[in-house]
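Encoded as structure tokens, the structure appears first; notes follow it.
The values are calculated or read from the model by the stated rules, or taken from the named source; none is laboratory data. This is a predicted model, so every value here is computed, not measured. Cβ atoms come from the backbone with ideal geometry, glycine included; neighbour counts cover every protein chain shown. What goes into the accessible areas is simple: the full protein's heavy atoms, side chains included, and nothing from ligands, DNA or RNA. Shrake-Rupley method; radii C 1.70, N 1.55, O 1.52, S 1.80 Å.
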Amino acid sequence: MPIDANSSDEIIDEVLCTTKTEYRILLELKLISTEFNTGSIYIIPSKSNSLLWNGIYFIRSGPYKDAILRFKIQLETNYPNQKTPPELKLEFPIEHPLISPDTQIFDSSHAFPTWNESEHLYSFLKYFKYAMENFDFCVNLPIEKIINIEIAELYKKDQKEFKEKAKEMIVKSVNQIFIPTGDENIFSYDRNSIEEDEEIHQSILENMKTVADNLPESFSFLFDNRNRSLH
Amino acid sequence: MSWLRSSPLRQSFSRRTQDISNTGTDSKAVSDSFCKHWQQVSDIINRSENRQTQHDDVLAVVNHLDHMTTLLLVELHNCNKIALPNGQHPPAPCLEFMLSENLLDSLYEWSLSTGRYSNAVRLEQLKLYELLVSHSRHQLLVHEPFLRPLLKLLASCQNEIFPHDVGKRLVILLNQLCVVLMQNVHLLDLFFCSTQQHGLQMNGANQTNFIIFSLLIPYVHSDGSIGHQARDALLLCMSLSQKNSNIGTYIANHSSMSPVLVTGLCGLYSSLPNSIEVHSIDWFRITADDVNDMPELTLFMNSLEFCNAVVQVAHLLIRDQLLDFLYQGFLVPVLGPAVLQTNVESQIASMAYLDLILRSVTEPGLLKIMIKFLLDNEKFDGERILDVLIERINSPDSRLCMVTLTLFDTILGLHNEQLMTELILKYLIGARHIPIAQKHKINKIQAYAKTVDYLLDLAPEVMKNSNMILAEHKSLDYQQSSSASLPTHTNIVSRTIGANWNHYGLHNTGESLYSNYHAYLYDAHQKIKRTKYSCDQWTDNYFYKSPHKQRQNAKMPNEQLVQIVRNFLSEFNLDTITTTLMSDEPSNINNISNSSKQLDMDSLQSIGESSGYESMKYRPDEDEEHQINSGNDSGNQISTNINSNITIVKNIEPWRISRFKDSQLFDLEITEDIFTQGTVSLGPFLTSIWSKLQTFTSNSLYVNLHLTGLISHIALYPLPLVHSILLRPDIPTTSDIPSFYQVLKILKQQIDAELPMTEDSLELIDIGRTFLIDREFKLINARKIALEALKASNASQLSTSQTNTQTSQLQTYDPFKRQDDKRKSSSNSIMSIFRRTSTTTASSNSNNNNAGVIGANQAQTSGFAQIYGLLAAGIASLRDHQPNSLELQTSSINDSTGLGANSYINERHRDLAIAAIILDEFLKELSSISQEMSIVLLNENFKNI
């Protein structure tokens, strides 16, 4: 006896709708926590709003290898039934063919022209990661899909200059993550403890990595005034 | 030892010593006085050699001994205060005098001649020894002048029947000795094999003897504190048996421990009432309070608890022996026939006892023989107890039905793999109840999230409307009150966040849990967590495993293989291919994979998948992997190739690849199951439950509460195979009985037809709801009152029979067990009250161990505060202060709901309204379980990959 496709229309209970969105978010988070290798992308929902996610991305390959990017993902209240993919906004103005230089919003329209409930956020994030690490893929996309044409052109024409520019941005991006922000559930780091020592930096990052790996086990966040842990 | 703290002896001792030590007595004066007293005793003893002991003599000796005891205490007290640096003990002249002069031995020898006063003298000696053993830091036991008379005294106690006070003192002394031995295991041998070493005549027995143990055995079944202390001491001996295997061998081979325990247990079970007087229509189980209230049951439970404890601490030899005796001597000849009786009253009683036993037993070894008992199909004329119990689910007697459902709830609460296999899993493994083309869905956890819509849609129409009206009212109320109360409200939230959230995620007391979906989710969350924790210890996770994987090495004859492929393909109406296939020689089998390339991708997908989003799980590397896995097996090759074709056609973008591979798209079920479609049994247990569910609208409210509770309990197991019939309406089943959803759908239709959406119906629902919510609050209040009454009666020590009856009747309902589907509707305060109650009960009966165990067990197996199910009669009696008039109140709906007052309302409609509400809540409960499950089980299948 298959599910009647229209049955959901009859559900008018507001609580239930919220609940369904919440459970979907839990599901997405659990998928993300298992889909990504350690040391790449970590996600934690904002303390006050489960639809706003804080993320951090340690780039491990590609021209921006070693950069660290903080970003936010905004889901719509009717998630997963929103029509367009979630908005991913970077906190650091890194130059990338698919990232708007003005708004720093990542354009995923090539992979996700639309969004529906069968899509999962981990594949959205995987696409983001793929795009960040594969410039060749990005610059060869149809021209209308490329948002930052300048950097795409530079990558194609002058590898030397591009590499210098990339290096500069990598350093800047790492510095950026020390700036604290308001949200309690955000990835931030204490500069004083790091200083200039490369070794400490590395060990702290390693440490961070393990902490972040264990996060999904322990972190709790606010769901409609409910405290619950992910597992 | 807790008993010591409350012992009057200890109290008087500390009082006395305090007085004396404060005066700064010097030790010389003490020892002089001591010697003087002894001199006088000695005179009397010497005198008695020539004449009959007189009353006055004994009195004088006792008196002197009393003084000597006091003086010894003073000395010991002073000694214990001083610590010499070299670890030596400070001088204790009295003690030394006593030992050097062999006072104790003289005393013992004299005591033999005291004739009818011997018990009084013995009592005095026992006191003296007990005092010395417990309060001296000196290792007196190694001193011959101390040990020898002690052993003589103990030996003389054998085979004697003492008045209560002597027996009690003896047990206390033995208990003390056990405590000392626990701390000094090397002293054990002094009490062991003592016969020859000390040349004592013990009933002419020359065998090994552990005298402490054999003296304790007669007291094992005793009532009251003496029994507790004896059992306490015996348990210490049992623990000793783990440190010293001589003890273990002795107890197992030479003592009558196990037979005594088991025969005692049998005797006590036999004395239990053969029928339980049930005063209320919703009674369903024996609670800890009932145990305390029924002396026979208290004794039995004490004994059982003791067996449980022995199994826990004793030497392996003793443990195995006791378990064997219990099985052969109690379970098979006593409990089994009791359960199998034909009289309904006796059945109810014996099932309630069985339920109580199952809830109280905590030791794995004991639990194991209980399970063996349930599953034994040899000892009871080929009948299996479990099967007999299953039959009773459909008993026409609603009390028997409720007790049975409760018993199964207890059984499910054990989270035992073997029992679950016997009840449910063995009928579902292999998923023969699911069409081949659907089997791949079983482990797809994400689909659980969709169950919610389907289940909630099955709610009766009248409930949907009623809920809508209710929601509108609520939101209106909220808008009106929100402006005024908002600030305080947020305050509360911020203060309590993360701290005071109870089981139901609520912090607002005094609120009904009726229809509170969040509470259902919380409840599901907690229970699933607990259940999963237990099930993680199982040998298997019982996810669906295709025979394809299980039988990789099985070689299939080609002819059969062709037949199977033919069946498989014909199921999808792939006529052309089937034709091709049929004309093919078996040796051309590889052509099949080529032909399958012609398959229209869309049609294949629509067969395999109900929704598109699972498609991202196809992996390009599945191809390679399957080639390796199934290289030897041509049968598997086919399915592999079919799979890989699909994989190849679908060009997967790298970001859509999951790290976890999903079970393959199709399983070629190389099994005869294909031919048995439609006749697959889900097993007697589920069949019985389904058939009880089919009569939902005519079952009593309380039966329905337990029934729906049991079904939810089954759903709480993290087993996708079980969920395939409970939480997966997207998976059709081909069992020989209507599917769960078909049953639910019929119920909905039935209620919709008989209770159409009219004003009258809505009003009925309203009345029913009010009844249930009233019941919830009555329970809270009743529980509060009961607790206060209990407290008051405890405090004033005025346990008048009336209070006792009242509280016990009130507590006859088990707050933790399902009495109503709307248990979620209990407010958090109820929950905590109930929780507290169980612990209070346990601790207030700290010397009544079984109550504690039951309490703990309840708290463990049941997170559910079953509110509504409280004995309405119990409340009524409390309110009316007429504890003995329960029978008058039994028809709770009629009497306490006000439903009966509306005489114009048809009774059937009233029952239907209640049934509709229960069904509505049940669906909410199930859908919350499915939502929680969708998170908990996600990727669980791949955890170990």
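Take residue A:179 and decide whether it is open to solvent by 10 Å² or more (accessible area, probe 1.4 Å), in contact with a Ser or Thr (Cβ under 9 Å, 6 or more places away or on another chain), hydrophobic (A, V, I, L, M, F, W, C) and more than 22 Å from residue A:31 (Cα to Cα).
Numbers: open to solvent by 10 Å² or more (accessible area, probe 1.4 Å): yes; in contact with a Ser or Thr (Cβ under 9 Å, 6 or more places away or on another chain): yes; hydrophobic (A, V, I, L, M, F, W, C): yes; more than 22 Å from residue A:31 (Cα to Cα): yes.
Considered against the rule, which asks whether it is open to solvent by 10 Å² or more (accessible area, probe 1.4 Å), in contact with a Ser or Thr (Cβ under 9 Å, 6 or more places away or on another chain), hydrophobic (A, V, I, L, M, F, W, C) and more than 22 Å from residue A:31 (Cα to Cα), residue A:179 comes out as yes.
Against the condition part of a loop (DSSP other than H, G, I, E, B) and open to solvent by 30 Å² or more (accessible area, probe 1.4 Å), how does residue B:387 come out, does it pass?
On the way: part of a loop (DSSP other than H, G, I, E, B): no; open to solvent by 30 Å² or more (accessible area, probe 1.4 Å): yes.
Here the answer is no, as residue B:387 does not meet what is asked.
Output yes when any residue across region A:130-153 is buried (at least 19 other Cβ atoms within 10 Å of the Cβ) and under 19 Å from residue A:82 (Cβ atoms), and no when none is.
No - not one qualifying residue is present in region A:130-153.
Just to verify a result, which residue in region A:111-128, among those that are in a loop (DSSP other than H, G, I, E, B) and either crowded, with 19+ Cβ neighbours inside 10 Å or of a type in the set (Phe, Trp, Tyr) (or both), is farthest from the other protein chains (Cβ to nearest Cβ)?
Within region A:111-128, the first condition is being in a loop (DSSP other than H, G, I, E, B), and the residues that meet it are A:111-120.
The next check asks that each one be either crowded, with 19+ Cβ neighbours inside 10 Å or of a type in the set (Phe, Trp, Tyr) (or both); those that pass are A:111-112, A:115, A:119-120.
Working: A:111: 6, A:112: 9, A:115: 11, A:119: 7, A:120: 7 Å.
Ranking the qualifying residues of region A:111-128, first place goes to A:115.
Condition (residue is in a helix (DSSP H, G or I), of a type in the set (S, T, N, Q) and within 26 Å of the chain's Cα centre (by Cα)) applied to region B:230-249: is it met by at least one residue? Break it down stepwise before answering.
Restricting attention to region B:230-249, the residues satisfying the condition of being in a helix (DSSP H, G or I) are B:230-243, B:245-249.
Checking the rest, the ones that are also of a type in the set (S, T, N, Q) come to B:239, B:241-242, B:245-246, B:249.
This time we only want the ones that are within 26 Å of the chain's Cα centre (by Cα), so: B:239.
Scanning region B:230-249, I find at least one residue that is in a helix (DSSP H, G or I), of a type in the set (S, T, N, Q) and within 26 Å of the chain's Cα centre (by Cα), so the answer is yes.
Please go through (1) buried (at least 21 other Cβ atoms within 10 Å of the Cβ); (2) within 23 Å of residue B:218 (Cα to Cα) for residue B:324 and return the number of the only condition it doesn't satisfy.
(1)
Would you call residue B:208 hydroxyl-bearing (Ser, Thr, Tyr), at pLDDT below 90 and not in a helix (DSSP H, G or I)?
Details: hydroxyl-bearing (Ser, Thr, Tyr): yes; at pLDDT below 90: yes; not in a helix (DSSP H, G or I): yes.
When the stated conditions are applied, residue B:208 passes them.
Does residue B:722 satisfy the criteria of being open to solvent by less than 20 Å² (accessible area, probe 1.4 Å), modelled with pLDDT of 90 or more and within 14 Å of another protein chain (Cβ to nearest Cβ)?
Working: open to solvent by less than 20 Å² (accessible area, probe 1.4 Å): yes; modelled with pLDDT of 90 or more: yes; within 14 Å of another protein chain (Cβ to nearest Cβ): no.
It is false that residue B:722 is open to solvent by less than 20 Å² (accessible area, probe 1.4 Å), modelled with pLDDT of 90 or more and within 14 Å of another protein chain (Cβ to nearest Cβ).
Considering only region B:746-756, I want to know if a residue exists there that is farther than 17 Å from residue B:459 by Cα, surrounded by fewer than 23 Cβ atoms within 10 Å (Cβ to Cβ) and not charged (D, E, K, R).
The initial filter retains those residues of region B:746-756 that are farther than 17 Å from residue B:459 by Cα, namely none.
Scanning region B:746-756, I find no residue that is farther than 17 Å from residue B:459 by Cα, surrounded by fewer than 23 Cβ atoms within 10 Å (Cβ to Cβ) and not charged (D, E, K, R), so the answer is no.
Only one of (1) out of contact with any helix residue (DSSP H, G or I) (no Cβ under 6 Å at 6 or more places or on another chain); (2) aliphatic (A, V, I, L, M); (3) over 30 Å from residue B:448 (Cβ atoms) is not met by residue B:762, so which one is it?
Status for residue B:762: all satisfied but (1).
Can you tell me which of B:272, B:200 is touching a helix residue (DSSP H, G or I) at 6+ places or on another chain (Cβ under 9 Å), modelled with pLDDT of 90 or more and not in a helix (DSSP H, G or I)? Spell out the reasoning first.
Working: B:200 fails: modelled with pLDDT of 90 or more.
That would be B:272, the only listed residue that is touching a helix residue (DSSP H, G or I) at 6+ places or on another chain (Cβ under 9 Å), modelled with pLDDT of 90 or more and not in a helix (DSSP H, G or I).
Does region B:7-55 hold any residues that are at pLDDT below 80, open to solvent by 70 Å² or more (accessible area, probe 1.4 Å) and assigned to a helix (DSSP H, G or I), and which are they? Step through it out loud before you land on a result.
Within region B:7-55, the subset at pLDDT below 80 is B:7-28, B:47-55.
When the remaining residues are screened for being open to solvent by 70 Å² or more (accessible area, probe 1.4 Å), the result is B:8, B:10-11, B:15-16, B:18-19, B:22-23, B:26-28, B:47, B:49-52, B:54-55.
Scanning region B:7-55 gives B:8, B:10, B:11, B:15, B:16, B:18, B:19, B:22, B:27, B:28, B:47, B:55.
Among the listed residues B:739, B:735, identify the single one that is within 13 Å of chain A (Cβ to nearest Cβ) and touching a strand residue (DSSP E or B) at 6+ places or on another chain (Cβ under 6 Å). Walk me through how you get there before you give the answer.
Working: B:739 fails: touching a strand residue (DSSP E or B) at 6+ places or on another chain (Cβ under 6 Å).
On inspection, the qualifying residue turns out to be B:735.
Among the candidates A:48, A:108, A:33, which residue alone is open to solvent by 30 Å² or more (accessible area, probe 1.4 Å), within 14 Å of another protein chain (Cβ to nearest Cβ), more than 30 Å from residue B:920 (Cα to Cα) and assigned to a loop (DSSP other than H, G, I, E, B)?
Details: A:108 fails: open to solvent by 30 Å² or more (accessible area, probe 1.4 Å); A:33 fails: assigned to a loop (DSSP other than H, G, I, E, B).
Checking each option against the conditions leaves just A:48.
Within region B:269-277, identify whether any single residue is open to solvent by 50 Å² or more (accessible area, probe 1.4 Å) and free of Cβ contacts under 8 Å to residues at least 24 places away in the same chain, and answer yes or no. If you could, list the steps in order and put the result at the bottom.
Kept after step one, since they are open to solvent by 50 Å² or more (accessible area, probe 1.4 Å), are these residues of region B:269-277: B:270-271, B:274-275, B:277.
The next check asks that each one be free of Cβ contacts under 8 Å to residues at least 24 places away in the same chain; those that pass are B:277.
Looking for residues that are open to solvent by 50 Å² or more (accessible area, probe 1.4 Å) and free of Cβ contacts under 8 Å to residues at least 24 places away in the same chain, one finds at least one in region B:269-277, hence yes.
Would you call residue B:506 open to solvent by less than 50 Å² (accessible area, probe 1.4 Å) and modelled with pLDDT of 85 or more? Full working, then the answer.
Numbers: open to solvent by less than 50 Å² (accessible area, probe 1.4 Å): yes; modelled with pLDDT of 85 or more: no.
Considered against the rule, which asks whether it is open to solvent by less than 50 Å² (accessible area, probe 1.4 Å) and modelled with pLDDT of 85 or more, residue B:506 comes out as no.
For region A:129-178, which fully contained helices (runs of 4 or more DSSP H) count at least 2 residues that are among the charged types (D, E, K, R) and at pLDDT 90 or above? Quick ask: steps written out before the conclusion?
Numbers: elements: A:135-139, A:149-157, A:159-176.
Once the helices (runs of 4 or more DSSP H) in region A:129-178 are filtered for at least 2 residues that are among the charged types (D, E, K, R) and at pLDDT 90 or above, what remains is A:149-157, A:159-176.
Is it true that residue B:310 is over 19 Å from residue B:406 (Cα atoms) and at pLDDT 90 or above?
On the way: over 19 Å from residue B:406 (Cα atoms): yes; at pLDDT 90 or above: yes.
Yes; evaluated as a whole, the condition is true for this residue.
What pairs can you find where one residue is in region B:408-419 and under 15 Å from residue B:722 (Cα atoms), the other is open to solvent by 10 Å² or more (accessible area, probe 1.4 Å) and not in a helix (DSSP H, G or I), and their Cβ atoms are less than 7 Å apart, with a gap of 6+ or different chains?
Once the first residue is under 15 Å from residue B:722 (Cα atoms) and sits in region B:408-419, its partners that are open to solvent by 10 Å² or more (accessible area, probe 1.4 Å) and not in a helix (DSSP H, G or I) give B:417/B:538; B:417/B:539.
Here's the yes/no breakdown for (1) open to solvent by 10 Å² or more (accessible area, probe 1.4 Å); (2) over 24 Å from residue B:36 (Cα atoms); (3) not polar (S, T, N, Q); (4) not in a helix (DSSP H, G or I):
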| residue | (1), (2), (3), (4) |
| --- | --- |
| B:98 | no, no, yes, no |
| B:105 | yes, no, yes, no |
| B:121 | no, no, yes, no |
| B:169 | yes, yes, yes, no |
| B:175 | no, yes, no, no |
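Taking the criterion of being part of a helix (DSSP H, G or I) and out of contact with any helix residue (DSSP H, G or I) (no Cβ under 7 Å at 6 or more places or on another chain), would at least one residue in region B:695-710 satisfy it? Walk me through it before giving the result.
Filtering region B:695-710 for residues part of a helix (DSSP H, G or I) gives B:696-698, B:701-710.
If we keep only those that are out of contact with any helix residue (DSSP H, G or I) (no Cβ under 7 Å at 6 or more places or on another chain) too, we end up with B:698.
Yes, because at least one residue in region B:695-710 is part of a helix (DSSP H, G or I) and out of contact with any helix residue (DSSP H, G or I) (no Cβ under 7 Å at 6 or more places or on another chain).
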